Each structure stands twice: as C-alpha cells, then as structure tokens.
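S.K.: My structure is below; once you've seen it, I'll send some questions.
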Amino acid sequence: MSSIQLWTLIFILGSFAVYIGIAWRSRVQETEGFYVAGHGIPTVANGAAIAADWMSAASFISMAGLIAFLGSDGSMYLMGWTGGYVLLALLIAPYLRKWGKYTVPEFVGDRYSELVRTIAAAAAIIISFTYVVGQMRGGGIVFSRFLGLDITGGVLVAAAIIFTYAVLGGMKGITWTQVAQYTVLIIAYLIPAAAVAWQFTNIPVPQVTFGQVLDELNALSTQLGLDAYTQAFTSRPMIDVLLVTLALMVGTAGLPHVIIRFYTTKSVRGSRYSAFWALAFIALLYTTAPAVGAFTKLNLLQGVRGKAVSDLPRWVQNWAETGLVQIKEGVERIGSVSNDPAAGADLTVDSDILVLASPEIAGLPAPIIGLVAAGGMAAAMSTAAGLLLVISSSVSHDFYFRRVRRAASDREQLLAGRIAMGGAVVIAVLGGVNPPAFVAQVVAFAFGLAAASFFPAIVLGIFWKRCNAAGAAAGITVGLAFTITYMVYTLDVFGTEANPYLLGISPEGIGAIGALVNFVVAIVVSKLTAPPPAHLAELVESIRYPAPRRLPAHQDGEAV
C-alpha cells in the first residue's frame, strides 16, 4: 500500500466512523423526526447542513474541472447555482416553511389536489434519481484511484455507507452528519487550494491571487492548441450559456431535497437565518473553485507540455490506471490536451479528476491528497443521503400513505420509506457505474428537470391565486415530458443514439425552456378552466403574512 493510499484510508475510515456514530446516536422512530428532524435544528447547524446537502460531488469534484476546460464559459455553473440559491432563499423557502409540511408534493397537493400531489411525487423521484447518479459516480471515482478499486467497486462501497446512515437516522441523523461532512469537505477543499496559491504567488489566498496567472495560462493554452482560457463563448454559444445559467438558477429554487431542509428549523425566522448561514458557507467553496480550476489547469499544462510519454509526471500514470486519463496510442510527445475523448488529443484528462488530482499535480504531500479524497466522499455522501430521503418520503408518504393505505402507522410508513431507499440505492448504483456525462453535467440535468417541473408550480401556487389544479398538473406534466424528451434525444442513454443539439441548446440548458413551457401551459389551462375554491385563495393569502397565523382548513376537513 502506497503512502497516498494509507493516508486516504485513514481519513476516509475516520470520517466514516464519525458519520455512522452520529447517525446511530440520532436514530429516530417517528415520522416527524425521520423526515423533518422534529423541527429542532439550530439555524447555524442547519445552514451548514444545507450547504453540504446542496453543493454535492458536482461542486467539490467536478465543477472546478469543468471550469478548467471550459474557461470563462464555466462561470455559468457558478452564476447559476449561487444565483439560484438566493432565489430559493428569498422567493420560496420561507413561504413553504410557514406551510409546515414535510415535502414539496405535500405543498402542491394541499394547494392544488391529490392528483397534482401524485404527479409531483413522481417528478421528485425522477429528479432525485438523476441527481443521486452523479453522487454515486463521484464516490466511485474517489475509491477507484485512492483505494485501488475499480469504479464499480467504489460505487458499491459508497452506496452501502450512504444507505446505512440514511436509514438509521432519517433527517435528524442526516442533518448532524452533514454538519460534520461540511466541515470535512471545506477543510479538504481550502487547504490544497491555499497551498497551490502559495506555490504560484507566495500568497495563500487563492480567491484573490489566481488572476496573476491568467495571462500565462492564456498563452500556454494557445500554444497547446486550446482556446484562450479567458476568452468567452469558445466552448458554448452565448444562448446556451444563458440558458444553462437560467436552468441552474430556477432548478435550484425547485430542488425538493434542498427545500425540505427549511422545514427542519424551529420557526420561519430560523428558516431565513439558515438561508443566510448556508449562503456564507457555500461562498467559501464557490469563491475558491475558479482559482482551483485556473491553478490546476496551469500546473497540468506546464507538467505535460512537450514531454515525451516516458517522461510524463507520475500522476498521469496513476490516473491512467483508472481509465480517467488516456494517452493517445502511438504518440511519443504531448502536443495537445483535452477533456473530450472524441477530440483526438494526445492526452485526454477527465474533468472529474482535476480537483482530486490537484494535490498530486502540484506535488503536495500524501496526507493532503488523502484529505482531499475524504472531502470528495463527504460531498458525494452528504447530498446522496438527502436525495434518498426525498425518494423515501415521496414513496412512503405521498404514494403509500396517501394513495394505498391511509390507516398506515408511523412504523409502517418508516418501513415503506426504508424499503424505497434500498430500491433507490440499487438503481442509483447502476446509473453511477454508467453515467451519461461528467458528474457536474449529470447534476445539471437534475436541476433542469426541477426547473421544468417544480419551480413554476411552486411560484404560481404562492403568488397567483387563480392557478388551479388542472393548470398545475398540465404544466408539470408537459414541462417535464418536454425536458426529458430533449435530454434523451441529445444524450446516449437507454441505448439511444445521441443527436446534435437544436439551436445550440445543450441538455443542461433545456430546463429553462421547459420551465417556460410549464408556466405557459399552467397559465393557459388555469384561465380556460374553473378557478380554485375560495378557501384556497384565502390559504394562499395567509402564507404571505410574516406574522404567525393559522391557515384555514383543507376541503376534506384536515387542518393545514
């Protein structure tokens, strides 16, 4: 066992022991504790848990890698995800927290009808499955390199750990575990970034010093046949950059596993403060990612430019053993570098490895490399657990309890939810072994699906009294179907052949169009059909008041 593998094992096993211990001590037996942690999580802790839940393997493992190869066009991920969080915190989360329900399908069910609840639950499951595939893939990448497993074995190990603590503790256990995971991932991200910044600039503040290397990076990129790093719209057309940014923004504001986080606080006020703390915690990583992308790209190009294959740095061979770095057959000296296998470059580097490989590329010591691996696993596991909880609650509460067995006890609902988690893990493992794109891109697909389904229904449900059940059902169904159809059309999934993008719009950006379709269909259908009952209009009015106020009874007599 190499020193890198030894330190990786120490950090990963140590952090896993902490996560499992927290989950065991936080295990619950009632649905309120399992799904919303009994509404008892402090605001700062909830902010850290939201940050860990939301950032995921896409933010930790893949985003800086995509920025490194996309250049300035990669800013669409930064703008979309951070802008969307602000949108969620201001426009949606406080109102849903005042509603006081467990899930997004519960909101649309009470606001519209039981049919819309069922449609929304199905959409939540589709979105969460897509999202969790990226997390499983991220875990597989970590294990494949640092513990000597193939990606399939890595995905299986990560899935087993995630399933164990998600089932034990529910939302309460997941929340406190995610606080620990945020601590691990942010330390693991900032330490190597500061060390690399010190190597280049003698100032260990990557957020403000990476600009010093951009001219050199531009020159080196063009020498190797790449586009200038800071030149805009070289990898994506302007329309696609705009649509991807918009899809990520509105998708963030419609993500079910993030929205449910705001139900775990003690009050609406606590929900708002949680949003503030979460944004502060998220900013630590998101202001560092562009620097990691720039520094790592420069280190990579300097290390391989003009080198004979036999003289390439050791990290190239280490990652080549995983299949995530490839050297073109027959080439003797590196003259071109790409992250796209179809480009035919002398050296192909998978975008998903750059953050994990950054300490090796920079020649940092083995303990830091092991720490980064543990951080990558923390990021993947924290989000995957939240997603599994969404799937669990949608199946057990919105399908089993609401549609199959209304007399089901808490024990029965928890059992159904845990069985649903097990089934979800199996399917997510299959997707993690054979994902349709890079981790951040797969996650972006989930954001697009959320944008095309939940965001319009929630916004119209809060701010437009005239929107009715027929409009919401039609909007969600048409918007989601449109978006999924285009994604399948342009991606190699389900055995289908990938097709060219229409009008330059990528599958990551189509969710913005899907959201527009949803809005239009919902508004038109609502206008053409009968308005919702008067008590629903009063209910919509009630949730906008900042002062506590009891909401009117639902039409079946159930208090809401």
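The values are calculated or read from the model by the stated rules, or taken from the named source; none is laboratory data. Not measured: the values here are computed from a predicted model. Virtual Cβ from ideal backbone geometry, glycine too; neighbours counted across all protein chains shown.
S.K.: May I ask you to list the residues in the stretch 391-415 that are among the β-branched types (Val, Ile, Thr) and either modelled with pLDDT of 80 or more or under 27 Å from the mean Cα position of the chain (by Cα) (or both)?
M.R.: Ile391, Val395 - these are the residues of the stretch 391-415 that are among the β-branched types (Val, Ile, Thr) and either modelled with pLDDT of 80 or more or under 27 Å from the mean Cα position of the chain (by Cα) (or both).
S.K.: Only one of (1) outside any helix (DSSP H, G or I); (2) surrounded by 21 or more Cβ atoms within 10 Å (Cβ to Cβ) is not met by Ala247, so which one is it?
M.R.: Failing condition for Ala247: (1).
S.K.: Of all residues in the stretch 346-369 being part of a loop (DSSP other than H, G, I, E, B) and free of Cβ contacts under 8 Å to residues at least 24 places away in the same chain, which is nearest to Gly14 (Cα to Cα)? Working first, answer last.
M.R.: Here is the first cut: in the stretch 346-369, the ones part of a loop (DSSP other than H, G, I, E, B) are 346, 350, 362-365.
Now narrow it down to the ones that are free of Cβ contacts under 8 Å to residues at least 24 places away in the same chain: 346, 363, 365.
Numbers: Asp346: 39, Gly363: 24, Pro365: 19 Å.
This residue is Pro365.
S.K.: So in the stretch 393-428, with the set limited to residues that are small (Gly, Ala, Ser) and free of Cβ contacts under 8 Å to residues at least 40 places away in the same chain, which one is surrounded by the most Cβ atoms within 10 Å (Cβ to Cβ)?
M.R.: Going through the stretch 393-428, the residues small (Gly, Ala, Ser) turn out to be 393-394, 396, 407-409, 416-417, 420, 422-424, 428.
From what's left, free of Cβ contacts under 8 Å to residues at least 40 places away in the same chain: 396, 407-409, 416, 420, 423.
On the way: Ser396: 26, Ala407: 6, Ala408: 18, Ser409: 11, Ala416: 20, Ala420: 20, Gly423: 12.
Per the stated criteria, the residue is Ser396.
S.K.: Being more than 30 Å from Arg117 (Cα to Cα) and surrounded by 20 or more Cβ atoms within 10 Å (Cβ to Cβ) is true for just one of Gly375, Gly363, Gly323. Which residue is that?
M.R.: Of Gly375, Gly363, Gly323, the one residue that is more than 30 Å from Arg117 (Cα to Cα) and surrounded by 20 or more Cβ atoms within 10 Å (Cβ to Cβ) is Gly375.
S.K.: A follow-up question, please. Sort through Ala123, Ala89, Ala64 and tell me the only one that's within 18 Å of Thr483 (Cβ to Cβ) and either under 16 Å from the mean Cα position of the chain (by Cα) or in contact (Cβ under 8 Å) with a residue 24 or more places away in the chain (or both).
M.R.: Ala123
S.K.: So which of Tyr131, Tyr182, Tyr189 is buried (at least 24 other Cβ atoms within 10 Å of the Cβ), modelled with pLDDT of 80 or more, touching a His at 6+ places or on another chain (Cβ under 8 Å) and not small (Gly, Ala, Ser)?
M.R.: Tyr131 is the lone residue from the list that is buried (at least 24 other Cβ atoms within 10 Å of the Cβ), modelled with pLDDT of 80 or more, touching a His at 6+ places or on another chain (Cβ under 8 Å) and not small (Gly, Ala, Ser).
S.K.: In addition: Is at least one residue of the stretch 466-473 within 25 Å of the chain's Cα centre (by Cα) and at negative phi?
M.R.: No, the stretch 466-473 contains no residue that is within 25 Å of the chain's Cα centre (by Cα) and at negative phi.
S.K.: Is it true that some residue in the stretch 300-311 is touching a Gly at 6+ places or on another chain (Cβ under 9 Å) and surrounded by fewer than 17 Cβ atoms within 10 Å (Cβ to Cβ)?
M.R.: For the stretch 300-311, residues touching a Gly at 6+ places or on another chain (Cβ under 9 Å) and surrounded by fewer than 17 Cβ atoms within 10 Å (Cβ to Cβ): present.
S.K.: Does Val331 count as in contact with a helix residue (DSSP H, G or I) (Cβ under 8 Å, 6 or more places away or on another chain), more than 17 Å from Phe295 (Cα to Cα) and not charged (D, E, K, R)?
M.R.: Yes; evaluated as a whole, the condition is true for this residue.
S.K.: Further question: Here are some conditions: (1) out of contact with any helix residue (DSSP H, G or I) (no Cβ under 7 Å at 6 or more places or on another chain); (2) modelled with pLDDT of 85 or more; (3) not acidic (Asp, Glu). Pro42 meets all but one. Which one does it not meet?
M.R.: Only one criterion in (1) out of contact with any helix residue (DSSP H, G or I) (no Cβ under 7 Å at 6 or more places or on another chain); (2) modelled with pLDDT of 85 or more; (3) not acidic (Asp, Glu) is unmet by Pro42, namely (2).
S.K.: Right, here's the next one. Quick one: in the stretch 280-338, which of the residues that are touching a residue at least 60 places away in the same chain (Cβ under 8 Å) and basic (Lys, Arg) is nearest to Gln223 (Cα to Cα)?
M.R.: Arg305
S.K.: Looking at Gly417, Gly422, Gly386, which one is closer than 23 Å to Ile141 by Cβ and not hydrophobic (A, V, I, L, M, F, W, C)?
M.R.: Details: Gly417 fails: closer than 23 Å to Ile141 by Cβ; Gly422 fails: closer than 23 Å to Ile141 by Cβ.
The conditions single out Gly386.
S.K.: Still on this model: Within the stretch 322-334, restricting attention to residues that are in a loop (DSSP other than H, G, I, E, B) and within 35 Å of the chain's Cα centre (by Cα), which residue is farthest from Ile361 (Cα to Cα)?
M.R.: First, pick out the residues of the stretch 322-334 that are in a loop (DSSP other than H, G, I, E, B): 322-324, 328-332, 334.
From the residues that got through so far, the ones that are within 35 Å of the chain's Cα centre (by Cα) too are 322-324, 328, 334.
On the way: Thr322: 16, Gly323: 17, Leu324: 15, Lys328: 20, Ile334: 16 Å.
Ranking the qualifying residues of the stretch 322-334, first place goes to Lys328.
S.K.: Just one of Leu388, Leu371 is within 28 Å of the chain's Cα centre (by Cα), at pLDDT below 85 and within 19 Å of Gln181 (Cβ to Cβ); which is it?
M.R.: Leu388 is the lone residue from the list that is within 28 Å of the chain's Cα centre (by Cα), at pLDDT below 85 and within 19 Å of Gln181 (Cβ to Cβ).
S.K.: Now a separate question. Give the residues of the stretch 94-128 that are modelled with pLDDT under 85 and not in a helix (DSSP H, G or I), sorted by residue number.
M.R.: Gly100, Lys101, Tyr102, Thr103
S.K.: In the stretch 67-86, what count of residues is obtained for those that are surrounded by fewer than 24 Cβ atoms within 10 Å (Cβ to Cβ) and under 13 Å from the mean Cα position of the chain (by Cα)?
M.R.: Residues meeting the conditions: 2.
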